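Colleague: My structure is below; once you've seen it, I'll send some questions.
The values are calculated or read from the model by the stated rules, or taken from the named source; none is laboratory data. The structure displayed is predicted, hence computed values, not measured ones. Reconstructed Cβ throughout: ideal geometry from the backbone, glycine too, with neighbour counts over all protein chains shown. For accessibility, only protein heavy atoms count, side chains too; no ligands or nucleic acids. Shrake-Rupley method; radii C 1.70, N 1.55, O 1.52, S 1.80 Å.
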Amino acid sequence: SQWDCHQKSLWLLGAFYFMLLIFVHTIINVDFVMSLVPGWKDSIMPAHQALTGIQAGIGCVIVAAFLIRTFGGYREYIPMETFWSISKVLLALSLLWAYFWFAAVITLWYGRMPVEQNILKTFMFESYRIPFLMNLFFSFLFPFGLLVWNPVRRSVIGPTLAGASVIIGAFFMSIRLYVPA
């Protein structure tokens, strides 16, 4: 009964931790980015920022598992199937990242208000174009291009490269959002 109680309390604590994670990412994004840019009203961006945090967290787990497996002597404890399984989650999060980005852009693009056009110009197309392109490449294009192939996804190095790419992409997203704000 103690193990049952322990298991249920871990599930409950995990659920509250996940809700807190999403809430904190939302508050940080709204307070430090959107509130400092005049006229930016976007309900998708806080969720996009939280998704990027989760995606980068999984990338960190993959890279750490690779380092521990390769250099730490845990080869028999971290099998190849672990990388194959987590790479599927990373592939799904990369696709979800692209969907959130597209939903945010299409909303601002078809709004055609001058404030919304200025936000697109600032964060994506003119002022911070290079960090945006780096963010798009490292958060979506490169991980998707790697993980869509099953032989690469079944390897150890493929998910590790995709995880490192996602970490770099999250860094460029932070530069693209927090520096101009």
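Colleague: Condition check: touching a residue at least 60 places away in the same chain (Cβ under 8 Å), under 12 Å from GLY163 (Cα atoms) and assigned to a helix (DSSP H, G or I). Does VAL63 satisfy that?
Modeller: On the way: touching a residue at least 60 places away in the same chain (Cβ under 8 Å): yes; under 12 Å from GLY163 (Cα atoms): yes; assigned to a helix (DSSP H, G or I): yes.
Yes, satisfied.
Colleague: Picking from VAL33, VAL24, which residue would you name as being under 30 Å from LEU120 (Cβ atoms), of a type outside the set (Lys, Arg) and in contact with a helix residue (DSSP H, G or I) (Cβ under 8 Å, 6 or more places away or on another chain)?
Modeller: Checking each option against the conditions leaves just VAL33.
Colleague: Let me ask something else about it. Quick one: is LEU51 open to solvent by less than 90 Å² (accessible area, probe 1.4 Å) and touching a Gly at 6+ places or on another chain (Cβ under 8 Å)? Talk me through it step by step, then tell me what you get.
Modeller: On the way: open to solvent by less than 90 Å² (accessible area, probe 1.4 Å): yes; touching a Gly at 6+ places or on another chain (Cβ under 8 Å): no.
No, not satisfied.
Colleague: Can you tell me which residues in segment 18-45 are within 14 Å of LEU96 (Cα to Cα) and not in a loop (DSSP other than H, G, I, E, B)?
Modeller: MET45
Colleague: Can you tell me which residues in segment 13-48 are more than 15 Å from the chain's Cα centre (by Cα) and among the small types (Gly, Ala, Ser)?
Modeller: Result: GLY14, ALA15, SER35, GLY39, SER43.
Colleague: Only one of THR26, THR70 is more than 30 Å from MET113 (Cβ to Cβ), hydroxyl-bearing (Ser, Thr, Tyr) and surrounded by 11 or more Cβ atoms within 10 Å (Cβ to Cβ); which?
Modeller: That would be THR70, the only listed residue that is more than 30 Å from MET113 (Cβ to Cβ), hydroxyl-bearing (Ser, Thr, Tyr) and surrounded by 11 or more Cβ atoms within 10 Å (Cβ to Cβ).
Colleague: When you go through (1) of a type in the set (Phe, Trp, Tyr); (2) farther than 26 Å from PHE138 by Cβ; (3) modelled with pLDDT of 95 or more one by one for TRP97, which number turns out not to apply?
Modeller: Only one criterion in (1) of a type in the set (Phe, Trp, Tyr); (2) farther than 26 Å from PHE138 by Cβ; (3) modelled with pLDDT of 95 or more is unmet by TRP97, namely (2).
Colleague: Could you pull out every one of the helices (runs of 4 or more DSSP H) wholly within segment 79-173 that has 3 or more residues that are within 17 Å of the chain's Cα centre (by Cα), surrounded by fewer than 16 Cβ atoms within 10 Å (Cβ to Cβ) and without any contact (Cβ under 8 Å) to a residue 60 or more places away in the chain?
Modeller: Fully inside segment 79-173 and qualifying: 80-111.
Colleague: Please determine, by comparing only the residues of segment 107-152 that are among the basic types (Lys, Arg) and at pLDDT 90 or above, which one is farthest from SER43 (Cα to Cα). Walk me through how you get there before you give the answer.
Modeller: Going residue by residue through segment 107-152, those that are among the basic types (Lys, Arg) are 112, 121, 129.
Checking which are at pLDDT 90 or above leaves us with 121, 129.
Numbers: LYS121: 19, ARG129: 22 Å.
By that ranking, first place goes to ARG129.
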